[in-house]
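The values are calculated or read from the model by the stated rules, or taken from the named source; none is laboratory data. Computed from a prediction, not measured in an experiment: that's the story for all the values here. Cβ placement follows ideal geometry from the backbone for every residue including glycine, while neighbour counts extend to all protein chains displayed.
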Amino acid sequence: MTAHSHADMLPRGTLIIAGALVTFAFAATVVVRVAHIPAAASPAAMRATNHVELVASRNLRFIDRADGAVIIEDADKGNTASVIEPGQQTGFIRGVMRGLARERKMRGLGNQPPFNLSLWRDGELSLTDTVTGRSVELTAFGSSNRASFMVLLPNAPKLGVSKVGGALS
């Protein structure tokens with residue numbers, strides 16, 4: 001009978017790399033705690049700190065129609081802001097709304113409370129669920145995806161947006 005050895009199960013280099021990774025993670029945690037490095041602020045908190053003003057806003061309700069279309073209703077005026085017909089190239093709007101609706105469904109909330117679409121002076125565009133408080137920064141998804149929501153703010157001023165998201169004016 002041969003002796004069974006565990007020494008050959010993992011290469012020594014792999015163990016060294018794993019140990020170094022654990023040590024680095026521990027050291028980074030200690031540095032953040034000791035140096036009191038604050039967590040990254042949310043975009044909403046940064047806007048509040050920098051006193052970025054709201055340029056345009058609209059409360060919207062998204063309603064699924066039986067044929068697969070989505071009716072976007074102006075919640076304040078009660079009229080239809082837009083209709084996304086089945087097959088229309090609006091996957092981004094559907095994707096964002098699917099995520100927000102899933103959170104409402106998990107909390108047992110309906111689709112009646114509106115979402116708030118807001119354009120800020122710095123060119124950022126955000127969609128906030130007025131019930132859960134969850135906010136999606138739409139500018140982060142690129143200019144064409146941002147544009148799909150911007151059409152829902154027809155009276156908003158045209159702010160030029162730089163590649164990093166700040167307004168040009």
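Just to check your reading of the model, which residue among Leu60, Leu109, Leu127 is without any contact (Cβ under 8 Å) to a residue 60 or more places away in the chain and either assigned to a strand (DSSP E or B) or crowded, with 16+ Cβ neighbours inside 10 Å (or both)?
Criteria check complete, one pass: Leu127.
Could you tell me whether any residue of segment 21-33 is at pLDDT below 85 and not assigned by TED's automatic domain parsing to the domain that holds Asp129? Full working, then the answer.
First pass over segment 21-33, keeping only residues at pLDDT below 85: 32-33.
Next cut, not assigned by TED's automatic domain parsing to the domain that holds Asp129 only: 32-33.
Yes, segment 21-33 contains a residue that is at pLDDT below 85 and not assigned by TED's automatic domain parsing to the domain that holds Asp129.
Would you please name the residue that is modelled with the lowest pLDDT, looking only at residues in segment 135-160 that are buried (at least 17 other Cβ atoms within 10 Å of the Cβ) and over 19 Å from Arg94 (Cα atoms)?
Leu159
Within the group Glu103, Glu53, which residue is surrounded by 12 or more Cβ atoms within 10 Å (Cβ to Cβ) and touching a strand residue (DSSP E or B) at 6+ places or on another chain (Cβ under 9 Å)?
Details: Glu53 fails: surrounded by 12 or more Cβ atoms within 10 Å (Cβ to Cβ).
Result of the check over Glu103, Glu53: Glu103.
Filter segment 114-134 down to the residues that are more than 18 Å from Lys77 (Cβ to Cβ), among the polar types (S, T, N, Q) and modelled with pLDDT of 90 or more and list them by number.
Ser126, Thr128
Give just the number: which of (1) outside any helix (DSSP H, G or I); (2) modelled with pLDDT under 85 does Asp76 not satisfy?
Going through the list (1) outside any helix (DSSP H, G or I); (2) modelled with pLDDT under 85, Asp76 breaks only (2).
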